[in-house]
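Chemist: Would you mind keeping the following structure in view while I ask a few things?
The values are calculated or read from the model by the stated rules, or taken from the named source; none is laboratory data. Model, not experiment: these values are computed from the prediction. Note that we place each Cβ from the backbone using ideal geometry, even for glycine, and neighbour counts take in every protein chain shown. These accessible areas exclude ligands, DNA and RNA; they are computed on the full protein's heavy atoms, side chains included. Shrake-Rupley method; radii C 1.70, N 1.55, O 1.52, S 1.80 Å.
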Amino acid sequence: MLYQLLKKHWGYDEFLPLQQEAVQCVLGGRDSLLVLPTGGGKSLCYQLPALCHPGLAVVVSPLISLMKDQVDAALAMGIPAATWNSTISAEQQRGVRAAIRARKLKLLYVSPERLLTDALFELLDSELPAFVAIDEAHCISQWGHDFRPEYRLLGMLKQRFPGVSLHGFTATATGPVRGDIVASLNMDDPAVLIGNFHRPNLIYHVQQRLPGLNQICSVMERFRGQAGIVYAITRDRVEKVSTLLNQLGFRTRPYHAGMTDADRERNQQALIDDQLDAIVATVAFGMGIDKSNVRYIIHAELPRSLEGYQQETGRAGRDGLEAECWLFYSTGDYLTWQRIVGASAPESRESSLRSLQQMMDYCTSLACRHRLLVGHFGQQLTGDCQSCDVCLGRLTVAEDSLVLAQKILSCVARCRERFGADHITKVLTGSSEAKVLRLGHEKLSTWGLMKQYPRSQIRDWINQLLGQRYLESVPLSGRVEGYPVLRLTDAGRNVLRARATPALSKPVDRTAAVTAAALVDSWEGVDRGLFESLRGLRTQLASAASLPAYIVFSDATLRDLARRRPTEEGMLQDVHGIGQQKAATYGAAVLTLIRDYCGQHQLETNLAAIGRVRRGGQGRIPGSASLAAFPLFDQGLPVPEVAQQLSRANSTVLEYLIDYIAARQITDPTRWVEKPLAETIAVVASYADSDRLRPIYDALHGQVGYEAIKIVVACEKNRAEALTRNLHSEPTR
Ligand code: ADP
Ligand code: MG
């Protein structure tokens, strides 16, 4: 039943981790808190149960400006939904009430203050909600970074609607916030479900910032026509960066707390509607934005904490497809933050400074970025992630790290620990600038000692030494506004005595670096030209329906269309993310485009997917639903029987079986297909020169079902692989 709804409305075959558990909590009426990273699929956990319930589900959401999108997305999937907030007219209110009384509505998105103060409240007294979902639940906590006083009102819900279960959803993972949510909502023995914070489809890169905007531009250039977010620290910087990018020909707009609500909303909407290359914003931007196809996040400056950084970068790639996260930092940013934090309340100062130091450590460390991030949230990641600059070999440890560090540190010592990074760099590169000469620093033994390196490289190493605490940056003593100077730490002195060795990195030649696994994976089999045409069609369909493009189809759906290239209505339902409603609304236009395009370009159509669409980077590992079917296949049960036991569709179970055949390396299909038929299929398949099933089907005159063909082809593939392996392992005499 749950799987049928998942397929019918969302067009998905599998649940993401913890979705099923969370759905069960809601259906069972047990209070719950679900903590999943951004993009983890939290919305479905209240939308799906709402479909199963006869009554109305109330969803509390913090941002009025985004409720309309949420409702549009639900409607596009065939789920009756409406909003209730200060922006709707009296007439719309009447409409909503009537729909509630007639029990026609499944989801009602409300702002917290309206839920508890309006006339709506009385109506809900008589039409008791099925349950209340509280999205972005961390807004209730003063410890969180998005505290909203109006969320505090929600503490009354339990009293006001006794017996109605409450379900909180958040991506904020810290313990105190979690405890605060549960306590403030007065939850009753809640189930707390905490997901894995690893997001393998995000590819992390960290670099020291160079002057100008070249680094930012080169990322944006690669993603032209696709959306991104550029974060900067202050309003000033946001305005400046956005203006400069405009001058360089990028469509960007600013977003920060200094603008009017209306301006902010307009710019946000422009991003959602794909009218911008990027929005340039302070951290004020992003919460509640469900846009699934944000393809890159750029931090033009150092973020303030790892929590914030994780949230901000988490806004990329919600569709599970690869997305890039670039961080360009400088020590100057660190000092800017120190100043900002220094002006804040003394209670929070110390922890803010600690967070800042952790952020700097993250930038300068040479450990896997993913591992550091999930580690920060108390989780572990083993092995290489294959999706960060460190693991992809874009950075390597310089073999001569010790000598390089000694040169830098001894220059700091020779300059008597009275100068900043800039001056030290000049001395090391042998500058003859007036200041250097005036101080007589050209006579130091370290002058020109590293002249073969670009200054930016030396600055980077100094940052790394700071991050790894071999150096510290302190105000020059005896001055009030003393400028920061470099000083050796005890650990730094140990390096000079060769008793400790820092790990200094240097960037590698781009061409030598490996391509991220997520990248190769999710474009597999996709015809790029067709993908682009479909993207154009999506824009048209979206603007005709006044909807954001990502609500019409996600990028993942477009890629799957450009991979399978269905030309018949029946094949459309196999596509990832196309449920009944979307097939009915947009199917005809899509099929026509694919027929025309493939005709013109002589592309094969109606391909079976090469593997199913996987959420980026998770490899060919069968999902948990698939694995659950394995013991039943082991018992020799046929597909229809397994389908019945697991209450899944036959077609879904067939996909599980294909996973099973691959996982167990089965080469003999006769358990499922009679021998003579299997042999015939195998012979015909051996003449096929592609992964397509259709030619095999045609060659068999349409007399044999796709099911048997799929099974035999899967077994044949294993046989071919086994054969190749044996050839390679043949002992050489
Ligand atoms: P969150 O609120 O946790 O940040 P969303 O609910 O916005 O995440 O979902 C993120 C994306 O994941 C959406 O594009 C959604 O369609 C997709 N998604 C949700 N559930 C599944 C699923 N079971 N399989 C594939 N994609 C899913
Ligand atoms: Mg969400």
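Chemist: Condition first: modelled with pLDDT of 90 or more and over 21 Å from the mean Cα position of the chain (by Cα). Now tell me which residues in region 34-54 satisfy that.
Modeler: Leu48, Pro49, Ala50, Leu51, Cys52, His53, listed by residue number.
Chemist: Further question on the same structure: So is Arg414 open to solvent by less than 40 Å² (accessible area, probe 1.4 Å) and charged (D, E, K, R) or not?
Modeler: The answer is no for Arg414.
Chemist: Does Leu36 satisfy being open to solvent by less than 20 Å² (accessible area, probe 1.4 Å) and free of Cβ contacts under 8 Å to residues at least 60 places away in the same chain?
Modeler: When the stated conditions are applied, Leu36 does not pass them.
Chemist: State which residue is farthest from ligand 2 (Cβ to nearest atom) when the search covers only region 302-313 and only residues that are surrounded by fewer than 23 Cβ atoms within 10 Å (Cβ to Cβ) and in a loop (DSSP other than H, G, I, E, B).
Modeler: Arg304
Chemist: For region 442-454, does any single residue satisfy the condition of being open to solvent by 50 Å² or more (accessible area, probe 1.4 Å), among the basic types (Lys, Arg) and not in a helix (DSSP H, G or I)?
Modeler: yes
Chemist: Does Gly55 fit the bill of being more than 13 Å from ligand 1 (Cβ to nearest atom) and open to solvent by 40 Å² or more (accessible area, probe 1.4 Å)?
Modeler: no
Chemist: Inspect region 10-33 for any residue being open to solvent by less than 10 Å² (accessible area, probe 1.4 Å), among the acidic types (Asp, Glu) and either within 16 Å of ligand 2 (Cβ to nearest atom) or assigned by TED's automatic domain parsing to the domain that holds Gly155 (or both) and give the result as yes or no.
Modeler: The answer is yes; a qualifying residue exists.
Chemist: Go through (1) over 19 Å from Glu265 (Cβ atoms); (2) at pLDDT 90 or above for Ser89 and report which single condition fails.
Modeler: Only one criterion is unmet by Ser89, namely (1).
Listed here are the residues, each with its yes/no results for (1) within 16 Å of ligand 2 (Cβ to nearest atom); (2) touching a helix residue (DSSP H, G or I) at 6+ places or on another chain (Cβ under 9 Å).
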site: Leu5; (1), (2): no, yes
site: Ser43; (1), (2): yes, yes
site: Gln92; (1), (2): no, no
site: Leu105; (1), (2): no, yes
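Chemist: With the checklist (1) closer than 19 Å to Pro190 by Cβ; (2) away from ligand 1 (no atom under 13 Å from the Cβ); (3) in contact (Cβ under 8 Å) with a residue 60 or more places away in the chain in hand, flag the one item Leu27 doesn't pass.
Modeler: (3)
Chemist: Pairs needed: first member in region 270-296, farther than 20 Å from Arg222 by Cα and touching a residue at least 24 places away in the same chain (Cβ under 8 Å); second member anywhere, outside any loop (DSSP other than H, G, I, E, B) and charged (D, E, K, R); C-beta distance under 7 Å; at least 6 residues apart or different chains.
Modeler: Thr282/Arg235; Val283/Glu312; Gly286/Glu312; Asp290/Asp69
Chemist: Kindly list, by first and then second residue, each pair from a residue in region 594-607 that is open to solvent by less than 90 Å² (accessible area, probe 1.4 Å) to a residue that is part of a helix (DSSP H, G or I), limited to pairs with Cβ atoms under 6 Å and residues at least 6 apart or on different chains.
Modeler: Once the first residue is open to solvent by less than 90 Å² (accessible area, probe 1.4 Å) and sits in region 594-607, its partners that are part of a helix (DSSP H, G or I) give Tyr597/Leu530; Tyr597/Ser533; Thr605/Cys598; Asn606/Met571; Asn606/Arg694; Leu607/Arg564.
Chemist: Does Ala343 satisfy being closer than 23 Å to Arg237 by Cβ and surrounded by fewer than 16 Cβ atoms within 10 Å (Cβ to Cβ)?
Modeler: Yes: the conditions hold for Ala343.
Chemist: Moving to a separate point now. Condition first: in contact (Cβ under 8 Å) with a residue 24 or more places away in the chain and either among the basic types (Lys, Arg) or part of a helix (DSSP H, G or I) (or both). Now tell me which residues in region 427-439 satisfy that.
Modeler: Leu428
Chemist: How many residues, within region 228-261, are of a type in the set (A, V, I, L, M, F, W, C) and modelled with pLDDT under 95?
Modeler: Residues meeting the conditions: 6.
Chemist: Return the total of residues in region 440-464 being more than 41 Å from the chain's Cα centre (by Cα) and either touching a residue at least 24 places away in the same chain (Cβ under 8 Å) or outside the structural domain of Ala503 (by TED's automatic domain parsing) (or both).
Modeler: 5
Chemist: Part of a helix (DSSP H, G or I) and modelled with pLDDT of 95 or more: is that true of Gln24 in this structure?
Modeler: Taking the combined requirement at face value, the residue satisfies it.
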